[in-house]
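Shown next, in C-alpha coordinates, is the structure this report addresses.
The values are calculated or read from the model by the stated rules, or taken from the named source; none is laboratory data. Here the structure is a predicted model, which means the values were calculated and not measured. In this analysis, Cβ positions are derived from the backbone assuming ideal geometry, glycine residues included, and neighbour counts consider all displayed protein chains. Just so you know, the surface numbers come from the protein's heavy atoms only, side chains and all, with ligands and any DNA or RNA stripped out. Shrake-Rupley method; radii C 1.70, N 1.55, O 1.52, S 1.80 Å.
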Amino acid sequence: MTPEARVRAVARSVRNRIVPVRRTDGIPRTLIADRRRVLARRRAFGPADLEALDGILRRAEAVVPVRDYMDLPAAQRSPRLVVLRHDTDSDIDNSVRFAEWEAGRGYRASYYVLHTDWYYREGLAGPPSRYVRRALERIQALGHEIGLHNNAITVALRTGRDPAEVLRSELGHLRRAGFEVTGTSAHGDALCRAFGYNNGEAFVEAPRPQNGPPSRTIAGSDPVSGRALRCDLRPVPMASLGLTYEANFVQNRYYVTDSHGRWNRPLDVAAEQFERHDALLKLLVHPAWWAFAGEPLLARSAASAPSVDAPPA
Ligand SMILES: [Zn+2]
(Lines give C-alpha, C1' and ligand atoms only; values in the text may rest on other atoms or scores of the structure.)
Protein backbone atom coordinates (compact mmCIF):
# COMPACT_ATOMS: atom_id res chain seq x y z
CA MET A 1 0.00 0.00 0.00
CA THR A 2 1.40 3.44 -0.92
CA PRO A 3 1.64 6.10 1.83
CA GLU A 4 -1.20 8.01 0.12
CA ALA A 5 -3.41 4.92 0.05
CA ARG A 6 -2.65 4.29 3.73
CA VAL A 7 -3.69 7.85 4.60
CA ARG A 8 -6.91 7.43 2.65
CA ALA A 9 -7.66 4.09 4.35
CA VAL A 10 -7.14 5.60 7.81
CA ALA A 11 -9.34 8.58 6.93
CA ARG A 12 -12.03 6.18 5.71
CA SER A 13 -11.96 4.07 8.85
CA VAL A 14 -12.14 7.19 11.06
CA ARG A 15 -15.07 8.50 9.02
CA ASN A 16 -16.86 5.16 9.29
CA ARG A 17 -16.50 5.23 13.04
CA ILE A 18 -17.87 8.76 13.28
CA VAL A 19 -20.70 8.54 10.72
CA PRO A 20 -22.87 5.50 11.44
CA VAL A 21 -24.05 3.55 8.38
CA ARG A 22 -27.79 4.04 8.05
CA ARG A 23 -29.66 0.96 6.94
CA THR A 24 -33.12 0.11 5.71
CA ASP A 25 -34.11 -3.44 6.62
CA GLY A 26 -30.47 -4.45 7.04
CA ILE A 27 -29.10 -2.95 3.82
CA PRO A 28 -27.09 0.35 3.78
CA ARG A 29 -29.26 3.16 2.42
CA THR A 30 -26.44 4.48 0.26
CA LEU A 31 -26.18 1.04 -1.39
CA ILE A 32 -29.94 0.89 -2.02
CA ALA A 33 -29.91 4.37 -3.58
CA ASP A 34 -26.87 3.54 -5.69
CA ARG A 35 -28.28 0.24 -6.99
CA ARG A 36 -31.64 1.83 -7.80
CA ARG A 37 -29.90 4.61 -9.73
CA VAL A 38 -27.89 2.11 -11.78
CA LEU A 39 -30.88 -0.17 -12.47
CA ALA A 40 -33.06 2.76 -13.57
CA ARG A 41 -30.62 3.42 -16.41
CA ARG A 42 -30.76 -0.17 -17.71
CA ARG A 43 -34.44 -0.70 -18.56
CA ALA A 44 -35.10 -2.25 -21.96
CA PHE A 45 -38.82 -3.06 -21.79
CA GLY A 46 -41.67 -0.64 -21.11
CA PRO A 47 -45.48 -0.45 -20.95
CA ALA A 48 -45.94 -1.50 -24.59
CA ASP A 49 -43.86 -4.63 -23.93
CA LEU A 50 -45.92 -5.43 -20.84
CA GLU A 51 -49.02 -5.19 -23.01
CA ALA A 52 -47.43 -7.58 -25.54
CA LEU A 53 -46.47 -9.97 -22.74
CA ASP A 54 -50.02 -9.85 -21.42
CA GLY A 55 -51.18 -10.66 -24.96
CA ILE A 56 -49.25 -13.93 -24.95
CA LEU A 57 -50.22 -14.86 -21.39
CA ARG A 58 -53.91 -14.26 -22.13
CA ARG A 59 -53.76 -16.92 -24.86
CA ALA A 60 -52.75 -19.61 -22.36
CA GLU A 61 -55.23 -21.95 -20.73
CA ALA A 62 -53.13 -21.56 -17.60
CA VAL A 63 -50.05 -19.62 -16.49
CA VAL A 64 -48.31 -21.59 -13.76
CA PRO A 65 -45.15 -21.60 -11.63
CA VAL A 66 -42.52 -24.22 -12.40
CA ARG A 67 -43.32 -26.27 -9.26
CA ASP A 68 -46.99 -26.59 -10.26
CA TYR A 69 -45.94 -27.79 -13.69
CA MET A 70 -43.47 -30.34 -12.30
CA ASP A 71 -46.03 -31.66 -9.78
CA LEU A 72 -48.78 -32.17 -12.34
CA PRO A 73 -48.95 -35.59 -14.11
CA ALA A 74 -48.49 -35.14 -17.86
CA ALA A 75 -52.05 -36.27 -18.57
CA GLN A 76 -53.47 -33.52 -16.38
CA ARG A 77 -51.52 -30.65 -17.91
CA SER A 78 -53.48 -28.20 -20.04
CA PRO A 79 -52.29 -28.44 -23.62
CA ARG A 80 -51.73 -24.71 -24.00
CA LEU A 81 -49.71 -23.87 -20.95
CA VAL A 82 -47.27 -21.13 -20.01
CA VAL A 83 -44.67 -22.03 -17.37
CA LEU A 84 -43.58 -18.63 -16.11
CA ARG A 85 -40.24 -18.11 -14.41
CA HIS A 86 -38.37 -15.09 -13.10
CA ASP A 87 -34.77 -14.88 -11.90
CA THR A 88 -34.58 -11.91 -9.52
CA ASP A 89 -30.88 -11.23 -10.29
CA SER A 90 -30.04 -7.63 -9.36
CA ASP A 91 -33.58 -6.24 -8.94
CA ILE A 92 -35.70 -7.48 -6.05
CA ASP A 93 -37.84 -4.31 -5.99
CA ASN A 94 -38.91 -4.83 -9.59
CA SER A 95 -39.56 -8.50 -8.84
CA VAL A 96 -42.24 -7.37 -6.37
CA ARG A 97 -43.72 -5.03 -9.01
CA PHE A 98 -43.82 -7.84 -11.56
CA ALA A 99 -45.44 -10.16 -9.03
CA GLU A 100 -48.13 -7.57 -8.33
CA TRP A 101 -48.76 -6.98 -12.03
CA GLU A 102 -49.18 -10.74 -12.61
CA ALA A 103 -51.37 -11.34 -9.59
CA GLY A 104 -53.70 -8.56 -10.74
CA ARG A 105 -54.26 -10.52 -13.96
CA GLY A 106 -54.56 -13.98 -12.42
CA TYR A 107 -51.10 -15.22 -13.42
CA ARG A 108 -48.82 -17.12 -11.08
CA ALA A 109 -45.09 -17.56 -11.56
CA SER A 110 -41.85 -18.75 -9.95
CA TYR A 111 -39.38 -16.25 -8.50
CA TYR A 112 -35.83 -17.53 -7.97
CA VAL A 113 -33.95 -15.31 -5.53
CA LEU A 114 -30.23 -14.76 -6.04
CA HIS A 115 -28.39 -15.38 -2.77
CA THR A 116 -25.29 -13.45 -3.87
CA ASP A 117 -26.79 -10.13 -4.93
CA TRP A 118 -26.64 -6.78 -3.12
CA TYR A 119 -30.06 -6.94 -1.44
CA TYR A 120 -29.65 -10.43 0.01
CA ARG A 121 -27.53 -9.55 3.05
CA GLU A 122 -24.39 -7.72 4.09
CA GLY A 123 -21.43 -10.09 3.96
CA LEU A 124 -21.20 -13.62 2.64
CA ALA A 125 -22.98 -15.66 5.30
CA GLY A 126 -25.87 -15.49 7.74
CA PRO A 127 -29.62 -15.15 7.31
CA PRO A 128 -31.10 -13.09 4.45
CA SER A 129 -31.74 -9.40 5.12
CA ARG A 130 -35.10 -8.14 6.23
CA TYR A 131 -35.06 -6.22 2.95
CA VAL A 132 -35.17 -9.37 0.82
CA ARG A 133 -37.42 -11.27 3.22
CA ARG A 134 -40.08 -8.55 3.04
CA ALA A 135 -39.95 -8.65 -0.76
CA LEU A 136 -40.23 -12.45 -0.85
CA GLU A 137 -43.06 -12.45 1.70
CA ARG A 138 -45.01 -10.08 -0.54
CA ILE A 139 -44.31 -12.19 -3.65
CA GLN A 140 -45.29 -15.44 -1.89
CA ALA A 141 -48.44 -13.86 -0.43
CA LEU A 142 -49.55 -12.99 -3.97
CA GLY A 143 -49.59 -16.74 -4.78
CA HIS A 144 -46.22 -17.10 -6.50
CA GLU A 145 -43.54 -19.70 -5.86
CA ILE A 146 -40.22 -18.80 -4.20
CA GLY A 147 -37.17 -20.74 -5.37
CA LEU A 148 -33.42 -20.32 -5.09
CA HIS A 149 -31.38 -18.82 -7.94
CA ASN A 150 -28.41 -21.08 -7.46
CA ASN A 151 -24.93 -19.53 -7.53
CA ALA A 152 -23.40 -22.12 -5.18
CA ILE A 153 -20.36 -23.14 -7.23
CA THR A 154 -19.40 -19.47 -7.61
CA VAL A 155 -19.61 -19.01 -3.83
CA ALA A 156 -17.57 -22.18 -3.37
CA LEU A 157 -14.88 -20.87 -5.73
CA ARG A 158 -14.70 -17.55 -3.91
CA THR A 159 -14.78 -18.88 -0.34
CA GLY A 160 -13.40 -22.43 -0.39
CA ARG A 161 -16.73 -23.79 0.87
CA ASP A 162 -18.44 -26.88 -0.55
CA PRO A 163 -21.25 -26.13 -3.08
CA ALA A 164 -23.68 -28.55 -1.40
CA GLU A 165 -22.97 -26.97 1.98
CA VAL A 166 -23.62 -23.51 0.50
CA LEU A 167 -26.97 -24.72 -0.85
CA ARG A 168 -27.90 -26.46 2.40
CA SER A 169 -27.17 -23.29 4.34
CA GLU A 170 -29.11 -20.96 2.01
CA LEU A 171 -32.10 -23.31 1.78
CA GLY A 172 -32.13 -23.61 5.58
CA HIS A 173 -32.22 -19.82 5.96
CA LEU A 174 -35.06 -19.42 3.48
CA ARG A 175 -37.11 -22.28 4.91
CA ARG A 176 -36.72 -21.02 8.47
CA ALA A 177 -37.92 -17.61 7.22
CA GLY A 178 -41.14 -19.27 6.01
CA PHE A 179 -40.44 -19.91 2.33
CA GLU A 180 -41.27 -23.35 1.03
CA VAL A 181 -38.37 -23.78 -1.41
CA THR A 182 -38.31 -27.00 -3.43
CA GLY A 183 -36.72 -25.84 -6.67
CA THR A 184 -33.69 -24.00 -8.00
CA SER A 185 -32.62 -22.31 -11.21
CA ALA A 186 -28.95 -21.99 -12.12
CA HIS A 187 -27.57 -18.44 -12.23
CA GLY A 188 -25.24 -17.58 -15.11
CA ASP A 189 -22.53 -15.84 -13.12
CA ALA A 190 -19.68 -14.09 -14.94
CA LEU A 191 -17.35 -16.78 -13.60
CA CYS A 192 -19.38 -19.61 -15.21
CA ARG A 193 -18.18 -18.84 -18.70
CA ALA A 194 -14.63 -17.99 -17.61
CA PHE A 195 -14.24 -21.26 -15.66
CA GLY A 196 -16.54 -23.56 -17.69
CA TYR A 197 -19.25 -24.63 -15.26
CA ASN A 198 -23.00 -24.39 -14.75
CA ASN A 199 -24.24 -23.90 -11.18
CA GLY A 200 -26.74 -26.73 -11.74
CA GLU A 201 -23.78 -29.10 -11.79
CA ALA A 202 -23.92 -29.07 -8.00
CA PHE A 203 -26.61 -31.77 -8.48
CA VAL A 204 -26.09 -35.32 -9.74
CA GLU A 205 -29.30 -34.90 -11.78
CA ALA A 206 -27.90 -32.01 -13.85
CA PRO A 207 -24.57 -33.07 -15.39
CA ARG A 208 -23.09 -30.99 -18.22
CA PRO A 209 -20.73 -33.36 -20.08
CA GLN A 210 -19.61 -30.47 -22.31
CA ASN A 211 -18.06 -28.86 -19.21
CA GLY A 212 -16.30 -32.00 -17.98
CA PRO A 213 -16.98 -34.97 -15.68
CA PRO A 214 -19.55 -34.35 -12.90
CA SER A 215 -16.92 -34.72 -10.15
CA ARG A 216 -13.92 -32.54 -10.90
CA THR A 217 -11.79 -29.69 -9.67
CA ILE A 218 -12.68 -26.27 -11.05
CA ALA A 219 -9.81 -23.81 -10.71
CA GLY A 220 -8.37 -20.65 -12.20
CA SER A 221 -7.59 -17.06 -11.37
CA ASP A 222 -10.25 -14.44 -10.74
CA PRO A 223 -10.50 -12.33 -13.94
CA VAL A 224 -10.80 -9.15 -11.85
CA SER A 225 -8.53 -9.64 -8.83
CA GLY A 226 -6.17 -12.28 -10.20
CA ARG A 227 -6.69 -14.28 -6.99
CA ALA A 228 -6.45 -18.10 -7.29
CA LEU A 229 -9.88 -19.73 -6.99
CA ARG A 230 -10.65 -23.41 -6.61
CA CYS A 231 -13.62 -25.71 -5.98
CA ASP A 232 -13.72 -29.50 -5.65
CA LEU A 233 -17.06 -30.29 -7.26
CA ARG A 234 -18.82 -33.35 -5.81
CA PRO A 235 -22.46 -33.34 -6.97
CA VAL A 236 -25.17 -34.43 -4.52
CA PRO A 237 -28.73 -35.72 -5.16
CA MET A 238 -31.32 -32.94 -5.09
CA ALA A 239 -33.41 -34.94 -2.62
CA SER A 240 -30.58 -34.75 -0.06
CA LEU A 241 -31.30 -31.00 0.06
CA GLY A 242 -35.09 -31.34 0.07
CA LEU A 243 -35.26 -30.23 -3.57
CA THR A 244 -37.50 -31.79 -6.21
CA TYR A 245 -36.49 -30.05 -9.44
CA GLU A 246 -34.15 -27.73 -11.35
CA ALA A 247 -35.96 -25.16 -13.52
CA ASN A 248 -34.15 -26.29 -16.66
CA PHE A 249 -35.81 -29.72 -16.32
CA VAL A 250 -38.95 -28.22 -17.91
CA GLN A 251 -39.11 -29.72 -21.37
CA ASN A 252 -40.09 -27.05 -23.84
CA ARG A 253 -41.05 -26.87 -27.46
CA TYR A 254 -41.17 -23.09 -27.21
CA TYR A 255 -38.83 -21.02 -25.13
CA VAL A 256 -39.03 -17.25 -24.87
CA THR A 257 -36.71 -15.12 -22.76
CA ASP A 258 -35.73 -11.47 -22.37
CA SER A 259 -32.08 -12.34 -21.56
CA HIS A 260 -29.61 -9.57 -22.43
CA GLY A 261 -32.46 -7.05 -22.69
CA ARG A 262 -34.09 -8.36 -25.86
CA TRP A 263 -36.47 -11.16 -26.73
CA ASN A 264 -34.72 -14.25 -28.08
CA ARG A 265 -37.44 -14.41 -30.76
CA PRO A 266 -40.13 -12.00 -31.99
CA LEU A 267 -42.90 -12.06 -29.41
CA ASP A 268 -45.78 -11.80 -31.90
CA VAL A 269 -44.47 -14.81 -33.86
CA ALA A 270 -44.02 -16.80 -30.64
CA ALA A 271 -47.55 -15.92 -29.53
CA GLU A 272 -49.08 -16.97 -32.83
CA GLN A 273 -47.19 -20.30 -32.94
CA PHE A 274 -47.95 -21.00 -29.31
CA GLU A 275 -51.68 -20.62 -29.92
CA ARG A 276 -51.72 -22.50 -33.23
CA HIS A 277 -49.83 -25.53 -31.90
CA ASP A 278 -51.43 -25.71 -28.44
CA ALA A 279 -47.89 -25.76 -27.14
CA LEU A 280 -46.08 -25.62 -23.86
CA LEU A 281 -44.34 -22.28 -23.63
CA LYS A 282 -41.51 -21.76 -21.19
CA LEU A 283 -41.14 -18.07 -20.48
CA LEU A 284 -38.17 -16.63 -18.57
CA VAL A 285 -38.43 -12.95 -17.68
CA HIS A 286 -35.85 -10.93 -15.73
CA PRO A 287 -37.59 -8.08 -13.85
CA ALA A 288 -34.36 -6.03 -13.90
CA TRP A 289 -34.92 -5.18 -17.58
CA TRP A 290 -38.41 -3.77 -17.12
CA ALA A 291 -39.42 -0.14 -16.56
CA PHE A 292 -42.24 0.04 -14.04
CA ALA A 293 -41.72 3.66 -12.97
CA GLY A 294 -41.54 5.53 -16.26
CA GLU A 295 -37.77 5.12 -16.61
CA PRO A 296 -36.33 5.86 -20.09
CA LEU A 297 -35.75 2.76 -22.23
CA LEU A 298 -32.48 1.63 -23.76
CA ALA A 299 -32.47 1.25 -27.52
CA ARG A 300 -32.68 -2.38 -28.47
CA SER A 301 -32.19 -4.10 -31.75
CA ALA A 302 -35.16 -6.31 -32.61
CA ALA A 303 -33.33 -7.36 -35.76
CA SER A 304 -30.79 -9.31 -33.75
CA ALA A 305 -33.42 -11.60 -32.24
CA PRO A 306 -33.04 -15.15 -33.60
CA SER A 307 -36.20 -16.68 -35.06
CA VAL A 308 -35.63 -20.29 -34.00
CA ASP A 309 -36.23 -21.82 -30.60
CA ALA A 310 -33.15 -21.31 -28.49
CA PRO A 311 -32.11 -23.98 -26.02
CA PRO A 312 -32.67 -23.19 -22.35
CA ALA A 313 -29.93 -21.01 -20.85
ZN1 LIG B 1 -29.33 -15.09 -13.01
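Annotations
- Accessible area (Å², per residue) of region 157-221, counting only protein heavy atoms and a probe of 1.4 Å: 44 Å²
- Separation between Cα centres of region 188-206 and region 126-153, rounded to whole Å: 21 Å
- The chain: Rg to Rh, with Rh as the Kirkwood radius over Cα pairs: 0.98
- Where labels lie 7 Å past Cα in the beta-carbon direction, separation of Arg41 and Arg216 in nm: 3.8 nm
- Put simply, when 166-175, 73-82, 227-236, 282-291 are sorted by average Cβ atoms within 10 angstrom per residue, most first, you get 282-291, 166-175, 227-236, 73-82.
- From the alpha carbon centroid of region 224-250 to that of region 1-78 is 22 Å.
- Per-peptide average of other Cβ atoms within 10 Å, ordering 204-213, 268-277 highest first: 268-277, 204-213
- Of the solvent-accessible surface of region 65-162, computed with a 1.4 Å probe and all protein chains present, 46% belongs to carbon and sulfur.
- The modelled label-to-label distance for the pair Arg276/Glu100, using points 7 Å beyond Cα in the direction of Cβ, is 3.9 nm.
- Under-5 Å amide H pairs with Arg23, H placed in peptide plane, nonlocal only: Arg29
- Amide H contacts of Leu298 (H built 1.01 Å from N, under 5 Å, at least 5 apart or other chain): Arg43, Ala44
- At an R0 of 25 angstrom, the distance between the Cβ atoms of Ala52 and Asn252 translates into a FRET efficiency of 0.80.
- Amide H within-cut-off set for Asn150, under 5 Å, with H built and near neighbours excluded: Ser185, Ala186, His187
- FRET efficiency for Ala228 and Glu4, using Cβ-Cβ distance with R0 set to 35 Å, rounded to 0.05: 0.80
- Here the 3J(HN,Hα) profile of region 279-286, calculated from phi with Karplus coefficients 6.51, -1.76 and 1.60 at θ = phi - 60°, is 9, 8, 10, 9, 10, 10, 10, 9 Hz, Gly and Pro shown as x.
- Distance (nanometres) between label positions extended 7 Å along Cα→Cβ at Arg208 and Asp25: 3.1 nm
- Here region 177-274 was treated as a single set of alpha-carbon atoms; its pair distances binned every 10 Å from 0 give 12, 33, 31, 20, 3 percent.
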